Amino acid sequence: MASTLSLGAKRVPTSAVAVAASLSARRAVAAAASAARHLSSGGETPSVDYEHYASGWNIGDLAEFTKPGKYQIQTFNKISEKGLAQFPSDLYEVKPTEWEANNAHALLLRSHKLQEEEVDVTVRAIARCGAGTNNIPVVRMTEMGIPVFNTPGANANAVKELVLCGMLLGSRRIVDGVNHMKDLGAEGLARERVEKDKAMFGGREIRGKRLAVIGLGHIGSSTARDAHQLGMEVVGTLCSCGKDLNKEGHVVPYPLHQ
């Protein structure tokens, strides 16, 4: 969004060039509609099928919009402050959903189910803060010439840690033990039963156990590496993209049909 084009001695943001081209196209549509009215018999206005938002452009704010300024970014979910800090404040203005962005140039969202009517005519890019894009009408955005980006791997480490945490909680029956002690505490028996009952929730060690990983993408391969470091035997499916994710030698290929 911050890229520029050189025009003589000036540097013009490419998004501004795209907006100008969009405006020219809309003027062409309006001119064609006007010519059709003059050519129509009886002076009646013909039915004109305008494209997305072509008839909804607010001409009144055109002078203000074309002034040099910051790019407007509209967010539809709570986005990490660390991520938003990547946008220099002198070039970008980030506005959350509860604030109405002034002709947003880009949209940022996580789980929000984006609707076409929420995509203003000035939008030039949409970014999904995550891997999936099933909550964005990608096909329709493609038809409108708006690229949709995702961020695969951005949260891979966080998800990997939750996977390992879940394995440890389940194998050592941590949650069962906590709930049991809560019940004993409510009965006033926690102190006298804690030593006697703790053997009930010993669980099993994960070292030496086999972990099957279906899909060796960012999250799967990271989980496989750490599970291997914990002493687990790791088997998994091969990556469909053809990359050698087994180069460290800790994942045994295991076809799904076996």
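Tabulated data for the structure shown
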read-out: Exposure of R140 as accessible area (Å², to 10), given a probe of 1.4 Å and all protein chains; value: 80
read-out: Full-stretch length increase - F149, I214 - with 0.36 nm per residue and alpha-carbon distance subtracted; value: 20.9 nm
read-out: Sites L84 and L169 - FRET efficiency at Förster radius 35 Å, r taken between beta-carbons, to 0.05; value: 0.60
read-out: Accessible area expressed per residue, the range 153-240, with surrounding protein chains retained (probe 1.4 Å, Å²); value: 66
read-out: Phi-based couplings in Hz for the range 205-221 (Karplus 6.51, -1.76, 1.60; Gly and Pro marked x); value: 6, 8, 4, x, 7, 9, 10, 9, 10, 9, x, 10, x, 4, 6, x, 5
read-out: Length added when fully stretched, L230-E117, from 0.36 nm per residue minus Cα-Cα; value: 35.7 nm
read-out: Computed label-point distance, nm, for sites A158 and A199 using a 7 Å Cα→Cβ extension; value: 4.3
read-out: Other-chain or far-sequence residues with amide H under 5 Å of G236's (modelled H); value: V213, V252, Y254
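The values are calculated or read from the model by the stated rules, or taken from the named source; none is laboratory data. Not measured: the values here are computed from a predicted model. Note that we place each Cβ from the backbone using ideal geometry, even for glycine, and neighbour counts take in every protein chain shown. Note: accessible area is taken over every heavy atom of the protein model, side chains too, but ligands, DNA and RNA are not part of it. Shrake-Rupley method; radii C 1.70, N 1.55, O 1.52, S 1.80 Å.
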